[in-house]
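One structure below.
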Amino acid sequence: MSGCLFKSNCVSMDWDKDGDILAVIAEKSNCIYLWDANTNKTSQLDSGMRDEMSFLVWSKVGSFLAVGTMKGNLLIYNHQTSRKIPVLDLQIWSLGTCPLNTSKTGRFIYASNKIQILFHPELLSICGNRCSVLSLVLVRNETSVRFEPSDMQFSTKKMDDRGSSTENTISVVIGKRNLFLYYLNEPDTPVDVEFQQRYGNIVCYSWYGDGYILIGFSRGNLVVISTHIREIGQEIFQTRDYKDSLTSIALSQSLNKAATCGDNCVKIHDLTELKDMYAIINLDDENKGLGTLSWTDDGQLLALSTQMGSLHVFLTKLPILGDSCQTRIAYLTSLLEVTVANLVEGEQPIVISVDVEPNFVAVGLYHLAVGMNNRAWFYSLGDNGVRKLKDMEYLGTVASVCLHSDYAAALFEGKVQLHLIETEILNTQEERETRLFPAVDDKCRILCHALTGDFLIYGTDTGVIQYFFIEDWQFVSEYRHPVSVKKIFPDPDGTRLVFIDEKSDGFVYCPINDATYEIPDLSPTIKGVLWENWPMNKGVFLAYDDDKAYTYVFHKDTIQGSKVILAGGTKVPFSHKPLLLYNGELTCQTQSGKLNNIYLSTHTFLYNLKDLHPTDLRQMLSQTLMLKRFSDAWEICKILMDPDAWRELARACLHHMEVDFAIRVYRTIGDVGIVMSLEQIKGIEDYSLLAGHLAMFTNDFNLAQDLYLASSCPIAALEMRRDLQHWDSALQLAKRLAPDQIPFISKEYAIQLEFTGDYVNALAHYEKGITGDNKEHDDVCLAGVAQMAIRMGDIRRGANQALKHPSRVLKRDCGAILENMKQFSEAAQLYEKGLYYDKAASVYIRCKNWAKVGELLPHVSSPKIHLQYAKAKEADGRYKEAVVAYESAKQWNSVIRIYLDHLNNPEKAVSIVRETQSLDGAKMVARFFLQLGDYGSAIQFLVMSKCNNEAFTLAQQHNKMEIYADIIGSEDTTNEDYQSIALYFEGEKKHLQAGKFFLLCGQYSRALKHFLKCSNSEDNVAIEMAIETVGQAKDELLTNQLIDHLMGESDGMPKDAKYLFRLYMALKQYREAARTAIIIAREEQSAGNYRNAHDVLFSMYAELKSQKIKIPSEMATNLMILHSYVLVKIHVKNGDHLKGARMLIRVANNISKFPSREYSGPVQAPRSQLHLVTQPTPTLRHSAGRHMVKDDWTMCPHCEFPALYSELKIMLNTESTCPMCSERLNAGQLKKVSDYTQYLRADMEQ
């Protein structure tokens, strides 16, 4: 509002306690102007005073207005009764600059420089035409102030404990420069605060907060000081708010804002941060300057007077009125304007102008209602726009209205009226058009109500919550609470209801099962509750107060039953009223008449999940699980890829009985076992049984038992306890559910007790487990009784029971127990009866019962027991029995020792040493033979015992080196030992032996030297050894040296060519060896040694073939001819003259190569009826000398030469060797060869 009300400047103005009436006085006017904010109208009140008015103030608690004049008169005006009361008529107390103010308790105060007067308007009365003071309190100040006081205020001194709340301080401006603080409780210690001269005069000041004072100065400065005794005189804050001048300040404690004016503008500061500017209002038309500011107590209206006589009233905040129905919101956007919006559905906002400033707003699916006092106006929100329907007058002042589709419900003066919104449209019975609750005979007051699509719900002061079903027009549910119900908040379907009682405790009520669930940690300052409107997340609701919104979740189906949990809290900005909750987004109405969306801290997972730290993702995972948003949790787990996160999700699914989703999660992490278990139970319809299984999977076994017992299959509780081996619980359950199972459970319990060492109770349960009709089960129990009896000290009972029991294992176990108890006799008896002879013999040994040991010894396999027995028998001098036991124990050294020392049987001892190769035994035998003087045998056994040095010394001393050399040559001996022997023989001029051992120790040059020095009698052996030496040495010098010797270069006597052949073979010079072999074979043939010639060629042939060297054709031809000659003799011997004749044809063709044999061809030819014709024939094979046939192919397993299977088999009937290699062969070793191509390829390669 803005307008020119006065012809002169405004002197003073103030709002009444309700902020409805603004009282203003102006210069040179006797009228008091009263502006009504509700009607926007101004009325004038004649003060009846002749002198000029200087100050006015409203009472803080009543409707009294006090007005003071320049000459000291005071007028009290009661606005409610329009009564004017003059108080004083004392001209000596001029109020020209005298401050006048009021306290929180309604006391007025005004003062001059020498007196202060406090009074209460209720103590004034009228006596005729004069006013008098019934109660007058004079407060004299011993220290008079030097200047005129002004702007006096009540307030509270800031104490050290900062806890005082009573008005104990009067503050007043002195001489426009100082601020004087007078403490009512400490009148002798006033404080005079002086400010810097550069600030100018004090224009006005105001107390706020915890004892702070905001002071405005004429030169535009704004200063804050504290009244705390330690801070007085210090400026907490200072700023230059205006360049030229500051004319007034005003504070709103409710808004926590400060307003200042000057330089044709108004500035708004936030008291929490004064340096920040909240808003600036420019008034460029006010060229004469601004005047005074005044703020209503609720901060809604800010009044400003100007030097031109204008009065400006600013609306600083709107009443926060709003309502929602499903996702539709209605809210006040100005004093006479309501906006309806549906942001979720994306509908365009609808702005509706209303006739009055409403006190309440309600919205339904198709309607809007606004109203004040006892009237409400209804509007239709159709597709064709907004249409005003009607106004409704109720029987009392309306506290709230609820709308839905067709009906409205208004709460007034403890009653609710339910009525149709559009009666002319619906074809409705008259009695269904309206109804008043409660009934006349119901003595209760309705404190709260709500309306859903199906139900009218209300709560009363007697604690009753009623559900009225609109369709059937009758009550369907009633819940009685111990105390009165103040507020109710149903979910969109009405199937769940949050209510708050007079103790500020909150509950969730489910009318379906008439159950309530307490809301944990509910703040006592809760103003309202909003249910989640997102259809995929039902059960979430929000409880809010002025500062914070708390997210709760109602978990209906969990294994622990239904419950409410607190998910978290979100800070609500100042002066925000929540109206709608949708998918974690909270839509709030602000003071400015706008909507603001807040994202709940419990729904941060709805933001972008990329690039977040795993810690943040784990926190978001917890949020999704509390809110039962498993699909969102799945996405977070996919990002985390942490097995623990997947398991946490799976456990939450089990807790909330989401079996299918749990299967999906467990399948992802590869937990096959639980997937199979869940697949088996997911079809169970019994809620308690299914919950019991899931509780068991989550290891909450007590809960699982309770659920099983409440289900249709209580026996599952017993099965679970048995599987978990909770035997005490299993036995208790079995008594109720399955008494026939008690023996079997007792047996299992006894086994566990035995394992833990509780033998007393184990024995008792084993005895309880005996049934008498289940042999296998009873055998186990009787075995347990036997063992426990022994452990408890009843040895006779336990041992007898074990002996009668058929189990060998029981006898062994009882025997072990008795053995540990040192009851050896009984233990051994049980072992023996159980056929555990080793154990029995061992225990008999411990009790020195050698006779029983001897009886059992044939059955004993343990060497240890045999050893113990043997030692005992040896100690007794019974050596034959001892040696047998030692042999059974495989203690060969002891056997050898007894044979040598006691039984005088060295042959047996030697035999054992040779058989066992015992080193210690060999030493004992060596010492035995040494004592007998048999040095050869002693040397042999010393070498066997690896005492080579002792053997060498003994051989040297007794001239037995040849024996030692023979023995050491066949052993795996070191080169040092070989060298020692070689040096010995070298000294004895025994060249063959010296060379042999030099060869063994790798000294090839010295070995060859001695071999070449050997006498003629040793020549053949020496040359063979020399060839071996050169072959191993592979030294060209040594090779040439030996060749010279063989060729007779050294002694003029050439050696047999066979040695040269063997040398080439040893050196692997196969081509030279082949040529030599041919020469040797030719010489052998010339000498008539055809078999030798054959063998030389064959050995060379085989060696060349193994080395994959091409066979010389001359060698192959000569071998073929010689082999044909060998076959002639075999065939003739077998009487097969035809084949013999065929072989002789080949021999006759090469008759020049057989000079020492007579030609026998004419002899064999007549016998075979063949004519002897000399002509070339193809190559023949192996036994028959004929061409090979693929189906009759075999080969010798030794030389691998091919032969005809049938012919060779016939030949082996009379011969025992292969005709080619002369190795032993029988017909059973022959096998037909199916793949003969490899032999053909080999011949082709050759």
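The values are calculated or read from the model by the stated rules, or taken from the named source; none is laboratory data. Values in this document were obtained by computation on a predicted structure and should not be read as measured data. FYI the Cβ positions are ideal-geometry reconstructions off the backbone, even for glycines, and counts take in every protein chain you see. Side chains included, ligands, DNA and RNA excluded: accessible areas come from the protein's heavy atoms. Shrake-Rupley method; radii C 1.70, N 1.55, O 1.52, S 1.80 Å.
Residues considered: Leu321, Leu315. Of these, the only one that is under 30 Å from Asp454 (Cα atoms), of a type outside the set (Gly, Ala, Ser) and surrounded by fewer than 22 Cβ atoms within 10 Å (Cβ to Cβ) is Leu321.
In segment 439-461, the residue that is most open to solvent (accessible area, probe 1.4 Å) out of those that are more than 19 Å from Ala362 (Cα to Cα) and of a type in the set (Asp, Glu) is Asp441. Whenever a residue of segment 1082-1111 is more than 19 Å from Leu1063 (Cβ to Cβ), its partners that are aromatic (Phe, Trp, Tyr) and in a loop (DSSP other than H, G, I, E, B), lying with C-beta atoms within less than 7 angstrom and at least six residues away or across chains, give the pairs Gln1085/Phe1154. If you go through segment 271-287 and keep only what is assigned to a loop (DSSP other than H, G, I, E, B) and either buried (at least 16 other Cβ atoms within 10 Å of the Cβ) or in contact with a strand residue (DSSP E or B) (Cβ under 7 Å, 6 or more places away or on another chain) (or both), you end up with Leu271, Leu283, Glu286.
For segment 439-452, residues that are more than 57 Å from the chain's Cα centre (by Cα) and either under 17 Å from Cys402 (Cα atoms) or of a type in the set (Gly, Ala, Ser) (or both) total 1.
Annotation note: Cβ proximity below 9 Å between a residue of segment 207-226 that is part of a loop (DSSP other than H, G, I, E, B) and a residue that is surrounded by fewer than 19 Cβ atoms within 10 Å (Cβ to Cβ) and of a type in the set (A, V, I, L, M, F, W, C) (sequence gap 6+ or interchain) occurs for Gly209/Leu271; Gly211/Met159.
Can we say Leu255 is closer than 15 Å to Ile213 by Cβ and under 59 Å from the mean Cα position of the chain (by Cα)?
On the way: closer than 15 Å to Ile213 by Cβ: no; under 59 Å from the mean Cα position of the chain (by Cα): yes.
No.
State whether one or more residues within segment 398-419 are charged (D, E, K, R), part of a loop (DSSP other than H, G, I, E, B) and surrounded by 14 or more Cβ atoms within 10 Å (Cβ to Cβ). Within segment 398-419, one or more residues are charged (D, E, K, R), part of a loop (DSSP other than H, G, I, E, B) and surrounded by 14 or more Cβ atoms within 10 Å (Cβ to Cβ).
Just to be sure before I move on: is Leu612 without any contact (Cβ under 8 Å) to a residue 40 or more places away in the chain, open to solvent by 30 Å² or more (accessible area, probe 1.4 Å) and farther than 22 Å from Gly506 by Cβ in the structure I sent?
Working: without any contact (Cβ under 8 Å) to a residue 40 or more places away in the chain: yes; open to solvent by 30 Å² or more (accessible area, probe 1.4 Å): yes; farther than 22 Å from Gly506 by Cβ: yes.
In short, yes.
Within segment 190-224, the residues that satisfy the criterion of being of a type in the set (Val, Ile, Thr) and open to solvent by 20 Å² or more (accessible area, probe 1.4 Å) are Val191, Val203.
Yes or no, residue by residue, for (1) buried (at least 17 other Cβ atoms within 10 Å of the Cβ); (2) part of a helix (DSSP H, G or I); (3) not basic (Lys, Arg):
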residue	(1), (2), (3)
Val665	yes, yes, yes
Met676	no, yes, yes
Glu685	no, no, yes
Leu689	yes, yes, yes
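The set of residues in segment 864-883 that are among the aromatic types (Phe, Trp, Tyr) and either surrounded by fewer than 17 Cβ atoms within 10 Å (Cβ to Cβ) or more than 20 Å from Val843 (Cα to Cα) (or both) contains only Tyr879. Restrict the check to segment 692-699 and report whether at least one residue is closer than 11 Å to Val659 by Cβ, in contact (Cβ under 8 Å) with a residue 40 or more places away in the chain, part of a helix (DSSP H, G or I) and within 29 Å of the chain's Cα centre (by Cα). The answer is yes, given that some residue of segment 692-699 is closer than 11 Å to Val659 by Cβ, in contact (Cβ under 8 Å) with a residue 40 or more places away in the chain, part of a helix (DSSP H, G or I) and within 29 Å of the chain's Cα centre (by Cα).
Cβ-Cβ distances below 8 Å connect the following pairs, each with a first residue in segment 47-73 that is free of Cβ contacts under 8 Å to residues at least 24 places away in the same chain, a second residue that is among the polar types (S, T, N, Q) and not in a strand (DSSP E or B), and a separation of six or more residues or different chains: Arg50/Asn30. Of the strands (runs of 3 or more DSSP E) entirely within segment 288-363, those holding at least 3 residues that are under 30 Å from Asn9 (Cα atoms) occupy 290-295, 301-306, 310-315. Within segment 861-869, one or more residues are more than 60 Å from the chain's Cα centre (by Cα) and not β-branched (Val, Ile, Thr).
Residue-by-condition table, conditions (1) β-branched (Val, Ile, Thr); (2) more than 23 Å from Val313 (Cα to Cα); (3) crowded, with 17+ Cβ neighbours inside 10 Å:
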{"residue": "Ile236", "(1), (2), (3)": "yes, yes, no"}
{"residue": "Thr247", "(1), (2), (3)": "yes, no, yes"}
{"residue": "Ala258", "(1), (2), (3)": "no, no, yes"}
{"residue": "Gly289", "(1), (2), (3)": "no, no, yes"}
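Of everything listed in (1) open to solvent by 10 Å² or more (accessible area, probe 1.4 Å); (2) on the phi > 0 side of the Ramachandran plot, the single unmet condition for Gly262 is (1). Within the span defined as segment 390-403, every residue fails to be in contact with a Ser or Thr (Cβ under 8 Å, 6 or more places away or on another chain) and not basic (Lys, Arg).
Pull out all pairs, ordered by first then second residue, where Cβ-Cβ is under 6 Å, the residues are six or more apart or on different chains, the first lies in segment 815-839 and is under 16 Å from Ile865 (Cα atoms) and touching a residue at least 12 places away in the same chain (Cβ under 8 Å), and the second is small (Gly, Ala, Ser) and assigned to a helix (DSSP H, G or I). Partner pairs satisfying both residue conditions: Ala828/Ala840; Tyr831/Gly815; Tyr831/Ala840; Glu832/Ala840. Just to be sure I understand, how many residues within segment 1029-1068 are among the charged types (D, E, K, R) and either at pLDDT 75 or above or assigned to a helix (DSSP H, G or I) (or both)? Counting residues in segment 1029-1068 that are among the charged types (D, E, K, R) and either at pLDDT 75 or above or assigned to a helix (DSSP H, G or I) (or both) gives 6.
Quick one: would you say Ser894 is modelled with pLDDT of 75 or more and either within 19 Å of Ser842 (Cβ to Cβ) or surrounded by 17 or more Cβ atoms within 10 Å (Cβ to Cβ) (or both)? Answer is yes for this residue. One residue alone among Gln956, Gln1003 is modelled with pLDDT under 65, of a type outside the set (Val, Ile, Thr), over 60 Å from the mean Cα position of the chain (by Cα) and open to solvent by 40 Å² or more (accessible area, probe 1.4 Å), and that residue is Gln956. When every residue of segment 734-742 is checked against the conditions, none turns out to be over 27 Å from Glu685 (Cα atoms) and in contact with a Phe, Trp or Tyr (Cβ under 9 Å, 6 or more places away or on another chain).
Taking segment 231-270 as the range and being assigned to a strand (DSSP E or B) and of a type in the set (Ser, Thr, Tyr) as the test, the residues that pass are Thr239, Ser248, Ser252, Thr260.
Sort out for me the helices (runs of 4 or more DSSP H) sitting completely within segment 718-822 that have 2 or more residues that are more than 30 Å from Phe697 (Cα to Cα). It would help to see each step written out before you state the result.
Working: elements: 727-737, 742-756, 759-768, 775-791, 795-804, 808-820.
Answer list for segment 718-822: 759-768, 775-791, 795-804, 808-820.
If Thr602 meets every condition in (1) of a type in the set (Ser, Thr, Tyr); (2) surrounded by fewer than 18 Cβ atoms within 10 Å (Cβ to Cβ); (3) touching a helix residue (DSSP H, G or I) at 6+ places or on another chain (Cβ under 8 Å) apart from one, which number is that one? Condition not satisfied by Thr602: (2). Against the list (1) touching a helix residue (DSSP H, G or I) at 6+ places or on another chain (Cβ under 6 Å); (2) touching a residue at least 60 places away in the same chain (Cβ under 8 Å), the condition Met626 fails is (1).
Kindly check whether there is at least one residue in segment 351-373 that is more than 28 Å from Asn40 (Cα to Cα) and of a type in the set (D, E, K, R). No, segment 351-373 contains no residue that is more than 28 Å from Asn40 (Cα to Cα) and of a type in the set (D, E, K, R).
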